[in-house]
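Below is one structure; the comments refer to it alone.
The values are calculated or read from the model by the stated rules, or taken from the named source; none is laboratory data. Owing to the predicted nature of the structure, the values given are computational and were not obtained by experimental measurement. Glycine gets a Cβ as well: all are built from the backbone with ideal geometry, and neighbour counts include every protein chain shown.
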Amino acid sequence: MRARINVRFAGKNKRMKRILSAFALIFCTVVVVASVSPRASAADTSPSRELLAAYVAGCEEADTLPAMTAVAAVILNRLADPRCPDTLTGCAASLGLLPSPAPGGLELYAASLAIGGVDPTGGATGFTVGDVPEGAAVTFSVGRMRFIK
């Protein structure tokens, strides 16, 4: 995309015209990039998304988007499992997660993905960083994290 500015200057002030043209090009690029970046929809502004993102941010091992999305999916999978607590806070606490006071944009995006149905874990209800418990099936791995059923 190329921006074009038609401004008439008194005299031979070509430098100002170049500066304004560069500014317009940068501004248009920022607007275009911002309009195609993934953003949460207005429907994703519920407190549960914020709370889920806070627990994802509290998981120190989840440092990439796939790991964050997987942690959020595990919390939601536990919420749907009748053997686990029936609240978001209870499910996260049963995994040993503490909420972060200020989740960032990546955590919010990961929470939105999980709420939207993205589950890279294939239905896992737990995760570990150490050894996998005997009898547990690893469904997904990212970094040092192993997601298990």
All conditions in (1) within 16 Å of E50 (Cα to Cα); (2) surrounded by fewer than 22 Cβ atoms within 10 Å (Cβ to Cβ); (3) under 19 Å from the mean Cα position of the chain (by Cα); (4) not basic (K, R) are true of G90 except (3)
Does region 99-108 contain at least one residue that is among the polar types (S, T, N, Q) and assigned to a helix (DSSP H, G or I)? no
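For residues in region 48-73 being assigned to a helix (DSSP H, G or I) and in contact with a strand residue (DSSP E or B) (Cβ under 6 Å, 6 or more places away or on another chain), which is farthest from F147 (Cα to Cα)?
So, considering only residues that are assigned to a helix (DSSP H, G or I) and in contact with a strand residue (DSSP E or B) (Cβ under 6 Å, 6 or more places away or on another chain), the one farthest from F147 (Cα to Cα) is P66.
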Just wondering, is there one or more residues in region 65-76 that are touching a helix residue (DSSP H, G or I) at 6+ places or on another chain (Cβ under 6 Å) and farther than 22 Å from S141 by Cβ? no
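Results for (1) aliphatic (A, V, I, L, M); (2) within 17 Å of A62 (Cα to Cα), shown as yes or no for each residue.
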| residue | (1), (2) |
| --- | --- |
| A93 | yes, yes |
| G96 | no, yes |
| L106 | yes, yes |
| A114 | yes, yes |
| V129 | yes, yes |
| A136 | yes, no |
| V142 | yes, yes |
| R146 | no, yes |
| K149 | no, no |
Under 7 Å between Cβ atoms, at least 6 apart or on separate chains: pull out the pairs that start in region 102-121 with a residue that is within 15 Å of A80 (Cα to Cα) and assigned by TED's automatic domain parsing to the domain that holds L65 and end on any residue that is in a helix (DSSP H, G or I) and among the basic types (K, R). I115/R49
Conditions (1) at pLDDT below 55; (2) of a type in the set (A, V, I, L, M); (3) within 21 Å of V118 (Cα to Cα): number failed by A57: (1)
